[in-house]
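One structure is given here, and the rest of the page talks about it.
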Amino acid sequence: MFKNSSHSRRRFLYVGLSGLAGATAVAVGKNIKPIYYSHVFDKPKRDFRVTGQNPLKKRAAAKGLIYGAACGRDLLASDKNLEACIIRECGVLTPENELKWQFLRPRPNVFDFSRADWMAKFARTHNMLFQGHTLVWHSQLPDWFKEVVNRQNAEKFLVEHITTVTKHYAGQIHSWDVVNEAIEPKDRLKAGLRQSPWLKFLGPDYIELAYRVTAQTDPKAMLVYNENDLEHDTPEHEAKRTAVLKLLERLKSRGTPIHALGIQSHLLGHSSLNAKKLRNFLSNVTSFGLKILITELDVIDQKLPSDPIVRDRMIAGMYEDYLSIVLDERAVIAVLTWGLSDKHSWLPMFLPRSDGLPVRPLPFDSNFKPKLAWNAIARAFDQAPKR
Ligand code: XIL
């Protein structure tokens, strides 16, 4: 976890001596003591103890922070345990899919708000803020999009979409992820922009346009740029951090109405963090006058050992290490996990484990019992400086 520490050197040595192939993707056999992972090595006495019984939303609120989670309508409407858990723990709710084009626009000239409205009402009824995810994205576009949208009409579609949706929810949305994942340096385009249909049809200014249109129809909402793969100490994440800073700088210098960066934070359980680089990045973001939200936090355990006890400690370690770094930055105002219980996560579908075991990325287990990850988040909130 902590790069260049003597612990990680010891870990490396141990892994080398034990003849294992690497520190990350090693399945732990039943009789092997799982001591070659950083959390166990770095902090063998780490106990993830918390005081009191307060739910996460209360611990966050005590520090001027907001905690919440993403969730889908169908699950929330059918799983009473999930419903109770969300109501108890969350101060903000994000519809996991219901505000995406795919769900809102069954046909080019038809908007179906029924599912997202249900969620907005749920949030209102239970005194939660409502988060808007997302207006402009390259993914989860409806099937008709490819046939219908082109260079000539793309601007009309984009403006009409944003205007209609933000008007429908004006005044009800705490923060809009106006543009999601516009950067992908691997696509090797100018300024690290992603090869998305919006870029192809409208050029780079589609991003600025989206913020201006949103600000016009929902002037009260916080307007967020949301991005993934910004968290770890890898060249890919470093390249993305650099490109995102350039994008934010450009948007701000042109007077674009943008208020915050959303750092998705789908953390890789097997990858390291570099506190110094991460802190620098956050501080550079704040230098543009922006707030920061942790928008989609979970810990991907695809390459972690099979043993659930070992795995849960490592996942909790990642939660606490990451949150203790980012929450030191007072511009970070909210933390949302992408789901709440391991019973419902996007990861089994997108990043399953090769041993076929269930993934354990979230604060509650599949029976809605709090895991060490819950303790880790609670501890990070309890130790965070007050906003
Ligand atoms: C995911 C949802 O969780 C899945 O249900 C859906 O099938 C695909 O999208 N980054 C994002 C989210 O911004 O919208 C994605 O959500 C997860 C990655």
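Please treat every number below as a calculation from the coordinates, not as lab data. Remember, predicted model here, so these are calculated numbers, not experimental data. Because the Cβ atoms are built from the backbone with ideal geometry, glycine has one as well, and the counts that use them run over all protein chains shown.
Remarks
- Listed peptides 240-247, 139-146 appear in the order 240-247, 139-146 once ranked by packing, highest mean of other Cβ atoms within 10 Å at the front.
- For the chain, the share of DSSP beta bridges that are antiparallel, to the nearest 5, is 10%.
- Averaging the sequence gap over all C-alpha pairs within less than 8 Å and six or more residues apart, then dividing by the number of residues, gives the chain a relative contact order of 18 percent.
- Of Lys186/Lys291; Lys291/Lys386; Lys57/Lys121; Lys303/Lys386; Lys57/Lys277, those spanning more than 24 Å from alpha-carbon to alpha-carbon: Lys186/Lys291; Lys303/Lys386; Lys57/Lys277
- Taken about its Cα centre, the range 195-340 carries a charge dipole of roughly 600 debye when the Cβ of each Lys and Arg holds +1 and the Cβ of each Asp and Glu holds -1.
- Computed over the chain with a Gaussian network model linking Cα atoms closer than 10 Å, the most mobile of Asn375, Asn109, Asn180 is Asn109.
- Report summary: the helix-based calculation at 222 nm, which adds -39500 (n - 2.57) for every DSSP H run with n ≥ 4 and divides by the residues of the chain, gives -12000 deg cm²/dmol.
- Electrostatic tally near Gly52: other residues with Cβ closer than 13 Å to its Cβ, Lys and Arg +1, Asp and Glu -1, net +3.
- Within the chain: Cβ-based charge dipole about Cα centre, in debye rounded to nearest 20 (Lys, Arg +1; Asp, Glu -1): 940 debye
- Hull shadow area, averaged, the range 70-139 [alpha-carbon convex hull, nm²]: 4.8 nm²
- Under 14 Å, Cβ to Cβ, from Pro108 - net charge with Lys/Arg +1 and Asp/Glu -1: 0
- Centre separation in Å (Cα based) which lies between the range 74-105 and the range 223-267: 26 Å
- Stokes-Einstein diffusion of the range 55-383 at 10 °C, 1.306 mPa s viscosity, Kirkwood radius from Cα pairs, rounded to a whole number: 79 µm²/s.
- Net charge of neighbours whose Cβ lies under 13 Å from the Cβ of Leu362, counting Lys and Arg as +1 and Asp and Glu as -1: -3
- Cα-based reach from Lys45 at 18 Å (exclusive), listing lysines while leaving out same-chain residues under 8 positions away: Lys33, Lys371
- Taking the C-alpha atoms only, the angle from helix 372-383 to the longest principal axis of the chain is near 80 degrees.
- Degrees between helix 154-168 axis and first principal axis of the chain (Cα, 0 to 90, nearest 10): 80 degrees
- In terms of its alpha-carbon gyration tensor, the range 165-205 comes out prolate; a/c meets the 1.5 threshold, and the first ratio a/b outweighs b/c.
- Binning the alpha carbon pair distances of the range 162-296 at 10 angstrom intervals from zero yields the distribution 12, 42, 34, 10, 1, expressed in whole percent.
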